[in-house]
Amino acid sequence: MVMRQWWGAAIVAALLLTGCGGGAQADGASDKAAVLSEDQVRDVLPDDEAMPGWKRSARPTAVKMNDLYRREACPIKRNAGCEDSRFFGASAFRHDGNAAYVSFLMIAYDSEEAAERAYGVLWDGHYGEKAGPSAKSLELGPLGDERDARFGTSGFNGEPGAVTQTRVGTTLLWTESASTGKGGIDQEKVRELATVLADRSRQAQNGDAVSAGLGG
């Protein structure tokens, strides 16, 4: 899979939004999961402050889920996985120093049960395939309530690419990262990016100020 095409699929969703304005239960997971509002979804998505050293490609944006965004977020089996979804959001960044790219995507659901039902549908049917056919499973550690990741190559010359999916309470979260250079994205960076997004979602659902960021 050509890296440019693989990354393009992720960034298109983020830019579209801008224009319009599995593992087991983790130890210590909070039981305070809340249904998020549109503004809270926007707050969860990493912003400039959360991503020191990176440059924003698409600002954090959240939209009410409708037919258009169901096709973007859940492009399988008549949009399976988007049942009882409320909002879709995205932000994206690039790192000029190491030619890396990352997009953050999320769906907020009406309930924790709805997010749990959607988890396997979307990972097995779509997101789990986005790091390429030769990608290998990547262990994320005790992140969120459920988590999966794959790390592989996204270009002809072995450039790295990765996708992660995490469920935190009432939300499903994704990072899609790639690099035009072999050192731009590694497994530790993938874990760090997924952790930032998961921590921000947990903070929002616990009613705390959303402040998690890289290096924080």
* Structure fact -> Within region 89-129, residues being small (Gly, Ala, Ser) and not in a helix (DSSP H, G or I) number 10
* Mind listing whichever residues of region 167-187 are more than 18 Å from Gly81 (Cα to Cα) and either modelled with pLDDT of 95 or more or among the polar types (S, T, N, Q) (or both)? => Glu176, Ser177, Ser179, Thr180, Gln187
* Asked: Of the numbered conditions (1) touching a Gly at 6+ places or on another chain (Cβ under 8 Å); (2) at pLDDT below 95; (3) over 27 Å from Gly184 (Cα atoms), Asp31 satisfies every one except a single condition; which is it?
  -> (1)
* Structure fact -> In the set Phe104, Phe88, the lone residue that is under 24 Å from Glu188 (Cα atoms) and aromatic (Phe, Trp, Tyr) is Phe104
* Asked: Can Glu83 be described as among the charged types (D, E, K, R) and either open to solvent by less than 20 Å² (accessible area, probe 1.4 Å) or touching a Gly at 6+ places or on another chain (Cβ under 8 Å) (or both)?
  -> no
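Conditions tested, residue by residue: (1) open to solvent by 40 Å² or more (accessible area, probe 1.4 Å); (2) farther than 22 Å from Thr170 by Cα.
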| site | (1), (2) |
| --- | --- |
| Asp48 | yes, yes |
| Pro60 | no, no |
| Met65 | no, no |
| Glu72 | yes, no |
| Pro75 | yes, no |
| Arg78 | yes, no |
| Phe88 | no, no |
* To do: Mind counting the residues in region 34-46 that are modelled with pLDDT of 95 or more, open to solvent by 20 Å² or more (accessible area, probe 1.4 Å) and in a loop (DSSP other than H, G, I, E, B)?
  => 2
* Subset tally (residues that are open to solvent by less than 10 Å² (accessible area, probe 1.4 Å) and either among the small types (Gly, Ala, Ser) or assigned to a loop (DSSP other than H, G, I, E, B) (or both)) for region 165-203 -> 10
* Asked: What are the residues in region 31-74 that are of a type in the set (A, V, I, L, M, F, W, C) and more than 15 Å from the chain's Cα centre (by Cα), if any?
  -> Ala33, Ala34, Val35, Leu36, Trp54, Val63, Met65, Leu68
* Could you check how many residues of region 65-82 are closer than 15 Å to Asp110 by Cβ and of a type in the set (Lys, Arg)? => 1
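The values are calculated or read from the model by the stated rules, or taken from the named source; none is laboratory data. None of these values were measured; they are calculated from a predicted model. When we count neighbours, we look across all protein chains shown, and the Cβ atoms used for this are built from the backbone with ideal geometry, even at glycine. Only protein heavy atoms, including side chains, enter the accessible area calculation; ligands, DNA and RNA are left aside. Shrake-Rupley method; radii C 1.70, N 1.55, O 1.52, S 1.80 Å.
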